[in-house]
1. Using 0.36 nm times the number of residues separating SER162 and GLU201, minus their current alpha carbon distance, what extension gain do you get?
2. Could you pull out every residue, at least 5 positions away or on a different chain, whose amide H is within less than 5 Å of the one on PHE32? Hs are placed 1.01 Å off N in the peptide plane, and Pro or chain starts have none.
3. To the nearest 0.05, what FRET efficiency results for ASN188 and VAL385 with a Förster distance of 41 Å applied to their C-beta separation?
4. Could you give the distance between the Cα centres of the stretch 198-237 and the stretch 76-153, to the whole Å?
5. Quick check: residue separation of SER42 and ARG119 times 0.36 nm, minus the Cα distance between them. What number comes out in nm?
6. Cross-link partners among lysines for LYS440, C-alpha distance below 16 Å, same-chain residues fewer than 8 apart left out?
7. Is the shape of the stretch 38-168 best called rounded, prolate or oblate, per the rule: a/c under 1.5 gives rounded, else a/b larger than b/c gives prolate, else oblate, with a ≥ b ≥ c the square roots of the Cα gyration tensor eigenvalues?
Amino acid sequence: MLDECNKEVQWSGKAFKKMKNLRILIIGDAIFSTGPQYLPNSLRVIDWSYYPSPSLPPTFIPKELMILKLPESCLQFFQPLKAYIYWFPNCKFLTELPSLREAPLLRRLCLDNCTKLLRIDESVGFLDNLFYLSAKGCTQLEILVPCIKLKALEVLDLAWCSSLKCFPEVLEKMDKIRVIHLDDTDINKLPFSIGNLVGLERLYLRGCKLLKQLPNTIHSLPKVEVIVGYPSKRFRFFDKEKVCSESEISPTAMVVYNRGQGFTHLDVYSECLSSNIFIQLCTPNRLQDPHSELLFEALNRNTVTTEMEESIHFWFLKKFPKITLCCAREPDTYVNDNLVLYFKLNVVINGTTQFSSSCTYINTGDPIYLTQVFLCDLECKSEGVFSEHEWNQVEIFCEFEYPKPCDYEREMTAELRNIKGCVQTNIYVDKEGNCMENIKFNNPMIDEPLSFSFSSSSECIESPLSFF
C-alpha cells in the first residue's frame, strides 16, 4: 500500500516486474510520473487512485482478479478482465465501456461522474450476476443500454445524467431490483415494460422536467413508491382495480394543456374489454386550429366546479360522430408542488361500455397554479354497428384523481390516498364530416330538454355540447 499525499512519485514503471506473487495493490493519493509497464498476473485486488496510464499493460492477464478500482484515473480504454468489481468513478477520459462478455461474474459496476462517457456496450444489460450498477453524473451519456435482463440487479443509479433520453426495455421480470435513481435526467418517457420491475421499492424521478407520464403498468408494482419532488414527495400507485392484463396503447392520443407551459402529448392505455369494441381514441385535429390555445384559455377562465364526478350525454343516429372531448379539472386545494394526476375515461353506448382508457400524468417541473385541460378525439372504427333507425344513447364518464403523497409511517387506504374533485366536460362536434341532424344533446325521446348539473349548487349547464 502506498499513500504519498499527492506527492509525485518518480519511477520507471518497471518496479512491479519482479513481484510475481503480489496479490493486493492499493495506491492512495500518490501521483506517479508514468504508468506501469508491467503488473503481476497474481494480483487479486487493484485499488489505484489517479492511475496515470490510459490503459492497463497489455501483458496483464490475471486469472484470479476480484477487484479492479481505478478512481479518478487517466483510463481511456481497457481490455475487460474477469472480476467481481469494476470501480471507475471520475475517470474524465473514459469515453466508452467495451463489451463485458468476458466478465460474466461481475457484481458491481461504478462509472460515476465519467463526464465524457458516451457509450456503454449492450452486454452490460445481460450480466446475470450484476447487482449494483451506477453511472450517476455521466452528463454526456444519452442511453444506458437498449435492453436489460439483469435478474440479480438491486440498485440502478443514473441520477444527474442530464443527457439521458430513455430508459431501457425490461425484457423479463426482475424481482431483486429495489431502487432506481433517475433524478435530473432528460428522460421523457418510461417504457410499458417497466411493469417487469416487480421487486421495485423506490423510483426517483425528481427534476425530470420532460417526463409527463407514467405507464399504466406502474399500477401493477405492489411495493413501489415514486418520488417526484423535492423534498421527497412519495406516491404509491398499486391498485388491483387499475391493473389490466391486456392493454392497447394509443400513442400521443391525449393532449394536456397548461397555460404558460403549452401542450403535452400523452399515451393512452385502453382496456381490451372484448373483440366487439368499435370506439377509438386519437390525437385531436383541433390542435391544427390556430385558435386552439384561445379555446383552452377560455376553459381555464370558465371552469365550473362540482364536488362529484359527472357524466355527459348525447344521442346519435346511424353513425357515431367524430367528436372532440375536452375535460377541465382543478384540484380541491391549491396545488403548489409536484403534481400527479390519474385520468380515466369511459364511453358507454346503449348501456354497454364501448371504451375504457386511462393515463397517469405527472409534472415534475414548475408548480401548477391553473386548471389542466385534457383533450382527445373519439371516433368509430367501423360503420353499421349501431342502430340506424333508433336513437343511440352515449354517456361519457371522466374521472380525475390526485393521489396524496404517502405517509412513510403508515399505510394509507385508497380512500385517503386519492382526492377526487370538480370536472367540466365539453364535447365539440365539427360540422364538417358529421350529419348534424343525427346528433342531439337533448333527449329526443322526451319533450322536455335535458339539463346537466355540473355544480353542487343549483347552477345548470343546459348544453355542454358545442358545434364548430
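1. Values: separation 39, 0.36 × 39 = 14.04 nm, distance 2.35 nm.
Separation in residues times 0.36 nm, less the Cα-Cα distance, equals 11.7 nm.
2. VAL9
3. On the way: r = 37 Å, r/R0 = 0.90.
Calculated value: 0.65.
4. 24 Å
5. On the way: separation 77, 0.36 × 77 = 27.72 nm, distance 3.10 nm.
24.6 nm is the gain from fully extending SER42 to ARG119.
6. Output for LYS440: LYS318, LYS319, LYS322, LYS431.
7. On the way: a/c = 1.99, a/b = 1.32, b/c = 1.51.
Because a/c hits 1.5 or more and a/b fails to exceed b/c, the stretch 38-168 counts as oblate.
Quick note: the coordinates plus some simple rules give every number you see, no bench work behind them. Computed from a prediction, not measured in an experiment: that's the story for all the values here. For neighbour counting, all protein chains shown are included, and Cβ atoms are generated from backbone atoms with ideal geometry for every residue, glycine included.
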